[in-house]
Amino acid sequence: VACNVACAWARMLGSQRRSYGLCMISALLSGVGGALFLPMPAQLSQRFLPERWALTTSLAIQANYTGWLLGSVLVPVLVQDADSMQRFLT
């Protein structure tokens, strides 16, 4: 979670200051944060009976993609300009 929060702040500062380096750091932080969560669907499915592994893995992966979809749709709806972006992040 800390990597994702740091990623969002680095991306915001990078876009405000027009700093390519900060935007690259935010991409790195996003990758580090994501790498910790990507194996979780398979680990989650191991807690259920073997005949449910495919279902639980599929549901967990689809939940991840649903979160990405909501983030991609809701942020442009809620953020209109630089002021609303700062209100959104704080």
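Some notes on this structure:
- For the residues Leu29, Leu13, the requirement of being surrounded by 12 or more Cβ atoms within 10 Å (Cβ to Cβ) and either farther than 18 Å from Gly71 by Cβ or in contact with a Phe, Trp or Tyr (Cβ under 7 Å, 6 or more places away or on another chain) (or both) singles out Leu13.
- Taking the conditions (1) open to solvent by less than 90 Å² (accessible area, probe 1.4 Å); (2) farther than 19 Å from Gly14 by Cβ; (3) within 17 Å of the chain's Cα centre (by Cα) in turn, Leu44 satisfies each one other than (3).
- Flag if Ser30 is hydroxyl-bearing (Ser, Thr, Tyr) and touching a Lys or Arg at 6+ places or on another chain (Cβ under 7 Å): no
- Listed by position, the helices (runs of 4 or more DSSP H) enclosed by the stretch 24-90 include none that has at least 3 residues that are touching a Cys at 6+ places or on another chain (Cβ under 6 Å) and not hydroxyl-bearing (Ser, Thr, Tyr).
- Unique residue being of a type outside the set (Lys, Arg) and in contact (Cβ under 8 Å) with a residue 60 or more places away in the chain when the list is Ala82, Ala63: Ala82
The values are calculated or read from the model by the stated rules, or taken from the named source; none is laboratory data. Owing to the predicted nature of the structure, the values given are computational and were not obtained by experimental measurement. Please note: Cβ atoms are built from the backbone with ideal geometry, for glycine as well, and neighbour counts cover all protein chains shown. To get the accessible areas, we keep the full protein, side chains included, count just its heavy atoms, and leave off ligands, DNA and RNA. Shrake-Rupley method; radii C 1.70, N 1.55, O 1.52, S 1.80 Å.
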